[in-house]
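Asks: One structure follows; several queries about it will come next.
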Amino acid sequence: MNSSETTPIFEEIVKAYDARIYKLCWYLLKNRPDAQDCTQDIFIAIYQGLPNFKQEASLNTWIYRISTNKCYEYLRKSRRKKRFGISVPIDSFFAQTVAAPTQNPEEIQLAAEQSLFFWKAVERLPLQQQLAYTLSNVEDFSYKEIAAALDTSLGAVESLLFRARRKLAEDLAGWQKK
């Protein structure tokens, strides 16, 4: 595939995947600037890799494999930064909470706190569990799609999701006791 063939295909990929990839990056990185940068890096990698795409896997799987790899890189970088004392800002879900007209301010605050606590608990999961959980519950991927995106087996995906859900249930039970 030469560059004249690559460009129109790439434009279609950007149209179809831009919002989905950004959403995945945002949920995993919890930081808008990093999510934007990572999304851009993902599309650069897709564009550069498009001439070599052999269609052995579906385009969707190939794109999400690149996406999860780039998110891994960003998460590893942010953890290195934290080790050296550089803080990485975390977006709050408080700004994203939409109040129902029937909710009072106390209910709105409680819902916002629950949401923030939940996503911080997701953030504390081991990276593989975090990715599997996000792909399953945010992107609505099937177990087979998650296995392909994470380059792992179906059994491993089942195990990752089971452990992630169990840990989240434990954390949420602890929060509700408070």
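The values are calculated or read from the model by the stated rules, or taken from the named source; none is laboratory data. Source: prediction; values computed, not measured. Note that each Cβ is placed from the backbone with ideal geometry, even for glycine, and that neighbours are counted across all protein chains shown.
Asks: Could you check segment 50-72 and list, in sequence order, the residues that are free of Cβ contacts under 8 Å to residues at least 40 places away in the same chain and farther than 15 Å from ALA149 by Cβ?
Replies: Result: ASN52, LYS54, GLN55.
Asks: May I ask you to say which residue of ASP18, ASP37, ASP41 is among the acidic types (Asp, Glu), in contact with a helix residue (DSSP H, G or I) (Cβ under 6 Å, 6 or more places away or on another chain) and over 15 Å from LEU135 (Cβ atoms)? Steps first, answer last, please.
Replies: Details: ASP18 fails: in contact with a helix residue (DSSP H, G or I) (Cβ under 6 Å, 6 or more places away or on another chain); ASP37 fails: in contact with a helix residue (DSSP H, G or I) (Cβ under 6 Å, 6 or more places away or on another chain).
Matching residue, one of ASP18, ASP37, ASP41: ASP41.
Asks: Restricting the first residue to segment 21-47 and requiring it to be closer than 21 Å to PHE117 by Cβ, which pairs with a second residue that is charged (D, E, K, R) and in a helix (DSSP H, G or I) meet a Cβ separation below 8 Å and a spacing of at least six or different chains?
Replies: Sorted first by the residue in segment 21-47, then by its partner, the pairs are TRP26/ARG32; LYS30/GLU123.
Asks: I'm told LYS30 meets every condition in (1) modelled with pLDDT under 90; (2) on the phi < 0 side of the Ramachandran plot except one. Can you identify the failing condition by its number?
Replies: Among (1) modelled with pLDDT under 90; (2) on the phi < 0 side of the Ramachandran plot, LYS30 violates only (2).
Asks: Restricting attention to segment 115-135, report how many residues are under 14 Å from ARG76 (Cα atoms) and part of a helix (DSSP H, G or I).
Replies: Total meeting the criteria: 6.
Asks: Still on this structure: Does segment 136-153 hold any residues that are in a helix (DSSP H, G or I), within 21 Å of ALA169 (Cβ to Cβ) and either hydrophobic (A, V, I, L, M, F, W, C) or free of Cβ contacts under 8 Å to residues at least 12 places away in the same chain (or both), and which are they? Let's see the steps before the verdict.
Replies: Of the residues in segment 136-153, the ones in a helix (DSSP H, G or I) are 136-137, 143-150.
After this cut, where a residue has to be within 21 Å of ALA169 (Cβ to Cβ) as well, the list is 136-137, 143, 146.
Of everything in segment 136-153, those that are in a helix (DSSP H, G or I), within 21 Å of ALA169 (Cβ to Cβ) and either hydrophobic (A, V, I, L, M, F, W, C) or free of Cβ contacts under 8 Å to residues at least 12 places away in the same chain (or both) turn out to be ASN137, ILE146.
Asks: Would you tally the residues in segment 133-156 being under 13 Å from ALA57 (Cβ atoms) and over 16 Å from the mean Cα position of the chain (by Cα)?
Replies: Number of matching residues: 1.
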